[in-house]
Structure formats: C-alpha cells, structure tokens
1. Go through (1) out of contact with any helix residue (DSSP H, G or I) (no Cβ under 7 Å at 6 or more places or on another chain); (2) surrounded by 12 or more Cβ atoms within 10 Å (Cβ to Cβ); (3) without any contact (Cβ under 8 Å) to a residue 12 or more places away in the chain and name the single condition residue 21 misses.
2. Do the conditions hold for residue 99, that is, is it surrounded by fewer than 15 Cβ atoms within 10 Å (Cβ to Cβ), at pLDDT 75 or above and not assigned by TED's automatic domain parsing to the domain that holds residue 149?
3. Within segment 145-163, can one find any residue that is in a helix (DSSP H, G or I), surrounded by fewer than 15 Cβ atoms within 10 Å (Cβ to Cβ), at pLDDT 70 or above and under 19 Å from the mean Cα position of the chain (by Cα)?
4. Can you work out which of the residues in segment 41-73 that are under 20 Å from residue 105 (Cα atoms) and surrounded by 13 or more Cβ atoms within 10 Å (Cβ to Cβ) is modelled with the highest pLDDT?
C-alpha cells in the first residue's frame, strides 16, 4: 500500500474509534492537518479513482452523518510540520516545536489571511498585502465595468451573498 493510503487509513481508523468511544462529541468539528496532499485532495474532493481510498472517503462521510460531526482535512507544508515538531516524532526527535514547549497554534496560522500566509508575515504589512492583492485582481478582470474586490472574513457571510453580480 502507498504511504498516502496508510496515512489516510490511520486517520480514518483513529477518527472512527474516537467517534465510537464518544471522545469526539456530537456536533464537533474535527480538523486533520496533514502534509499529505493526496489525502487532503481526496477527502475534500469526496471521491477517488482508487477503490480503497474511495471507500475511506465514504467511511468518513458516514462517520460525519452518524456522529453528527464535520471533518476538515487541511494541507500544511512538510516544512511547517518539521518546525512544529510532529514530523520528527516517528524518528524519536522530541526536542523541537511543540515538544520543546512552544504553543501548538503558533504553527497553524488560521487567524491570518491567505495573503499574510503567502507573504510569510507575522504581522499584517498593508503595503505588501495590497501589492499582492493587485496581482490577484489581475487574474480576475473587471466585468461590466465593475472592479473585482477581495472579500475579507467580515464579508464572507453577508456582503458576498448579497452581491448578486459576484464582483
């Protein structure tokens, strides 16, 4: 079996056991952070040409329904996993990242925008972010004289839905 299959199977087995024993409570959201892009893509796509991987996707979706949970697969770079310390655990490296006492969430910058993460910014740098936004806007030309805008988190649930033009 491939390493993608083995890693994904370990996640599925672990989540199944935790749902069954009740340590994952009904209504929970489960975040799986992996540097395995195949596992992340397969789980988010919802299918696979590989019968074994496809069965695992179905198992996870079934667990979501039965356990009333939401499972998110999130890809993170292997370099981030090395800095965080998880990558070295299988080789007995217990002195880096969270194993040395650093805060776990420091390595998961979910509070940052894609622009901040792409630019490697610890703190927002408005000029750099605006420059990168202009590049992204260049990928999506204006339509009917309307300039495309980039939605911020505060816009995601109201402004974007109310904008029937999709700009």
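1. Only one criterion in (1) out of contact with any helix residue (DSSP H, G or I) (no Cβ under 7 Å at 6 or more places or on another chain); (2) surrounded by 12 or more Cβ atoms within 10 Å (Cβ to Cβ); (3) without any contact (Cβ under 8 Å) to a residue 12 or more places away in the chain is unmet by residue 21, namely (2).
2. Numbers: surrounded by fewer than 15 Cβ atoms within 10 Å (Cβ to Cβ): yes; at pLDDT 75 or above: yes; not assigned by TED's automatic domain parsing to the domain that holds residue 149: yes.
Considered against the rule, which asks whether it is surrounded by fewer than 15 Cβ atoms within 10 Å (Cβ to Cβ), at pLDDT 75 or above and not assigned by TED's automatic domain parsing to the domain that holds residue 149, residue 99 comes out as yes.
3. Checked against the condition, which is being in a helix (DSSP H, G or I), surrounded by fewer than 15 Cβ atoms within 10 Å (Cβ to Cβ), at pLDDT 70 or above and under 19 Å from the mean Cα position of the chain (by Cα), segment 145-163 yields at least one hit.
4. Result: 71.
The values are calculated or read from the model by the stated rules, or taken from the named source; none is laboratory data. Just so it is clear, the model here is predicted, and its values are computed rather than measured. Note: ideal-geometry Cβ built from the backbone for every residue, glycine included; neighbour counts use all protein chains shown.
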